Amino acid sequence: MKHNYEKEIPEKSRKLIYFKRDKKRDFAILSLFLGSGIRVNELSNLRPRDLDFEEKQIHVLRKGGKKDVVAVSPQIT
C-alpha cells in the first residue's frame, strides 16, 4: 500500500498533474517540519535566507518575536 496514491489518481487528471508537479516540494516541507520540530506557523514564515545549508540549521522567529536557531536532522533514506 505504500506509495500507491499516485497510481490511484485517474490518468490525465488535473490532480495527477498537480501531484507530480508538487511531490518533491511537499516532501521537502514535511521533512523539514518533522525533522526540525518547528511549528507550522514558523515553517510557513521561513524565507530562503533563513536556511543555512552548510551548518544544517534554520533561523526561526518564535512566538512573541523571539529569534532562534534550530538544527535540522539529516535526511534518512
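Go ahead and run the numbers for FRET between Leu16 and Leu43, Cβ-Cβ distance against an R0 of 35 Å, rounding to 0.05.
Once the sixth-power term is evaluated, E becomes 0.85.
Could you compute the longest span of the chain free of GluC sites (Glu not before Pro) located in DSSP loops and having at most 10 other Cβ atoms within 10 Å, not counting the site residues? Working shown, then result.
Values: sites that count: Glu11, Glu54, Glu55.
That gives 12-53 as the longest site-free run.
Given 0.36 nm per residue, what is the gain on full extension from Asp68 to Leu51 after removing their alpha carbon distance, in nm?
Numbers: separation 17, 0.36 × 17 = 6.12 nm, distance 1.23 nm.
Here the answer is 4.9 nm.
Rounding to the nearest 10 and keeping the result within 0 to 90°, find how far the Cα-based axis of helix 14-36 lies from the longest principal axis of the chain.
30
Relative to the present Cα-Cα distance, how much length would full extension add between Leu61 and Lys23 at 0.36 nm per residue of separation? Could the numbers behind the result be given before it?
Working: separation 38, 0.36 × 38 = 13.68 nm, distance 2.69 nm.
Separation in residues times 0.36 nm, less the Cα-Cα distance, equals 11.0 nm.
What number comes out for accessible area per residue over the chain if the probe is 1.4 Å? Units Å², please.
92
What is the magnitude of the charge dipole of the chain about its Cα centre, with +1 placed on the Cβ of each Lys and Arg, -1 on the Cβ of each Asp and Glu, and no other charges, expressed in debye to the nearest 20?
Numbers: 18 positive and 11 negative charges, 65 e Å.
Value, rounded to 20: 320 debye.
Computing the accessible area with a 1.4 Å probe over protein heavy atoms, can you report the carbon and sulfur percentage for the chain?
Roughly 57 percent, rounded to a whole number.
The values are calculated or read from the model by the stated rules, or taken from the named source; none is laboratory data. All values derive from a computational prediction rather than experimental measurement. As a convention, Cβ positions derive from the backbone with ideal geometry for all residues, glycine included, and neighbour counts pool all protein chains shown. Protein only, heavy atoms only, side chains kept; ligands, DNA and RNA dropped before computing areas. Shrake-Rupley method; radii C 1.70, N 1.55, O 1.52, S 1.80 Å.
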